[in-house]
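Report on one structure; see the data block that follows.
The values are calculated or read from the model by the stated rules, or taken from the named source; none is laboratory data. As the structure is a computational prediction, the values presented were derived from the model and not from experiment. Virtual Cβ from ideal backbone geometry, glycine too; neighbours counted across all protein chains shown.
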Amino acid sequence: MKIKHLSILSATAVVLVSLSGAAQAGGLCSNATLKGAYGFSAQGEVLGWLEGTTLHPFTTPSILNDVAIVTFDGSGRFTRTDFGNMNGVPKGGQTAFNPNQSGTYKVNDDCTGTMQITYTAGPVPAGVVLDLEMVVADDGTLVKAIIATETVPSAGPAADGKSCSNCEVAVQVSFEGKKVLIYGFR
C-alpha cells in the first residue's frame, strides 16, 4: 500500500514539475504582470543635447530627482503623476504634482521591456517624451529602468552656444518603482 501511494505521489510530482516547465517555456512576464499603482523614484543628470551622435554638453549638467505614481492597466497603458527637482529647484516651477502624463509599456516574456512617457501639459512642456528600457523583478512588484532617449520641444544653449528645437537630450537617469501595497493586498 505504501509503495502504491509513493508511486502516485511521484507521478504527481513529475506532472507538477512538467507543468511548471511548460509555464516557464511560455514566459515569465507579460503586460499583465504590471497592474495597479507603483511608487517610483528617479535620479540622474541631464548632460546636454544630441545632434546625431554628437553631444553638445551643457556648461553644467542638471541634477534630477523625481518621485511619481505610475498606474499600469495590465494591458500596455499607464497614467503617471510626478513631482521633480532640477538642481534643487522644482522643475518648470512646479508647485504640485503634475498629473498630465500618460504612456504605453511592453513587458516581454523574459521580464525585460519598454515604457514611453508623454507629458501633455503642466510645468514640463507638452511634447516631452521619455523612452525607457526596463526590467521587472520580484514577482512583478519591482521595476527598474533607465531613460534610453528623451525628446524635448527645445533645448539649449549648450556650452558651445548651440540651441536646438525638437531635439534629443543626453541623460543619465535611472528609475526604481515598487508596487504600492495597501494593508497587505496587491
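Name every residue in the range 164-179 that is of a type in the set (A, V, I, L, M) and within 15 Å of the chain's Cα centre (by Cα), in order of residue number.
Step one: filter the range 164-179 for residues of a type in the set (A, V, I, L, M), giving 169-171, 173.
Residues satisfying the conditions are V171, V173.
Which residues, counting only those in the range 46-65, are surrounded by fewer than 17 Cβ atoms within 10 Å (Cβ to Cβ), in contact (Cβ under 8 Å) with a residue 40 or more places away in the chain, closer than 18 Å to A148 by Cβ and not hydrophobic (A, V, I, L, M, F, W, C)?
E51
Might you check whether a residue that is surrounded by fewer than 17 Cβ atoms within 10 Å (Cβ to Cβ), under 26 Å from G122 (Cα atoms) and either at pLDDT 95 or above or not β-branched (V, I, T) (or both) occurs anywhere in the range 27-36?
Checked the range 27-36: at least one residue is surrounded by fewer than 17 Cβ atoms within 10 Å (Cβ to Cβ), under 26 Å from G122 (Cα atoms) and either at pLDDT 95 or above or not β-branched (V, I, T) (or both).
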